[in-house]
Amino acid sequence: MSKEELVYKDKKVFDNILEKIKVDWFSKLHVLADFDKTLTKAYSKGQIRPSLISVLRSEWYLWEEYSKKAYAEYDYYHKIEIDPNIDFDIKKQEMTNWWTKHLSLLIESWLKKEHLQKVIDSNLIELRDWIKNLLKKFEEFDIPLIIISANWLWTNSIEMYLEKEGFLSKNIKVISNEFFWDDKWNAIWYDDRVIHVFNKDETVLKDYPEIFSLIKDRKNVLLFWDSLWDVWMIEGFSYDNLLKIWFLNEKKEVLFDEYKNAYDLLFLDDVDALELDNLFF
């Protein structure tokens, strides 16, 4: 791995925090991570890899009008999401509008569990090569891995994918948007605890007491994410030691300085060559 692909905000500070984490190590550690393009690849063999929802949208598994409306929503709201000149509170409200509108669109488009299975079976989603070793380490040492995802396609879509790949273990907990289903597995409504890109933080866990109880006394945290806003994922949680690790998948020239200042360690160019477990274990 080249020096340019691995960037520390301050290597000495990083090593110092890591050593403090290793004092208590497995008994006090938990991991907080995004799913799409964090645990999964953003690129493979020079090709952009999709998120779960973009597979559904681009592969036309639902009726034609769904994809047309979904793309129209994306074109409108994504510009707001990434515009640095728009006030954060306005962005947050617009993302709430987008997420609730799209969840309703999925229901109106007769989303079924079989559509989720098609997404999982598409083979368009790929785990990063190193994450497979890291997931095994987390399972071996019973380290809680909490995946908080703004994924539109139900918590179980992530669990279904991990199970298909052979990596769904009891230490992994997933929090994402939830649907209610009828007895034929048609989506009929969604949980009003909507999770979008600007409201994901560990205070969300308090709405999931069974999961929160697993990590509330584990005050050492590894944070894995791919959005500048995700640095706030730890907001509301009292920690002792924290390492923020980020994956700069695109717009490297524009975003590099801002992200370097926000995170402790950056991986550039969707690097998979590094065995990340060797960094921590």
Per GNM of the chain with C-alpha springs under 10 angstrom, the most fluctuating residue out of Ala70, Ala33, Ala150 is Ala70
Most fluctuating of Asp15, Asp240, Asp183 in the GNM of the chain (C-alpha, under 10 Å) is Asp183
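Please report the net charge: other residues with Cβ closer than 12 Å to the Cβ of Ser54, K and R +1, D and E -1. Intermediate results must be reported in sequence, preceding the final value.
Working: positive: Lys37, Arg49, Arg57; negative: Asp36, Glu59.
Once positives and negatives cancel, what remains is +1.
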Considering only Leu32, Leu134, Ala262, whose Cα is most displaced toward the positive end of the charge dipole of the chain, charges sitting on Cβ of Lys, Arg (+1) and Asp, Glu (-1)? Leu134
Of the trypsin sites (Lys or Arg not before Pro) in the range 1-90, those whose Cβ has at most 13 other Cβ within 10 Å and which sit in DSSP loop: Lys45
Using alpha carbons only, how many angstrom separate the centre of the range 75-89 from the centre of the range 144-222? 25
For Tyr190, what residues show an amide H to amide H distance below 5 Å, using hydrogens built from the backbone and excluding near sequence neighbours? Phe180
For the chain, count all C-alpha to C-alpha pairs, find those more than 26 Å apart, and express that count as a whole percent of the total. 43
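Here, each number is a calculation from the coordinates, and none is a lab measurement. These numbers were taken from a predicted model, which means no experiment stands behind them. In this analysis, Cβ positions are derived from the backbone assuming ideal geometry, glycine residues included, and neighbour counts consider all displayed protein chains.
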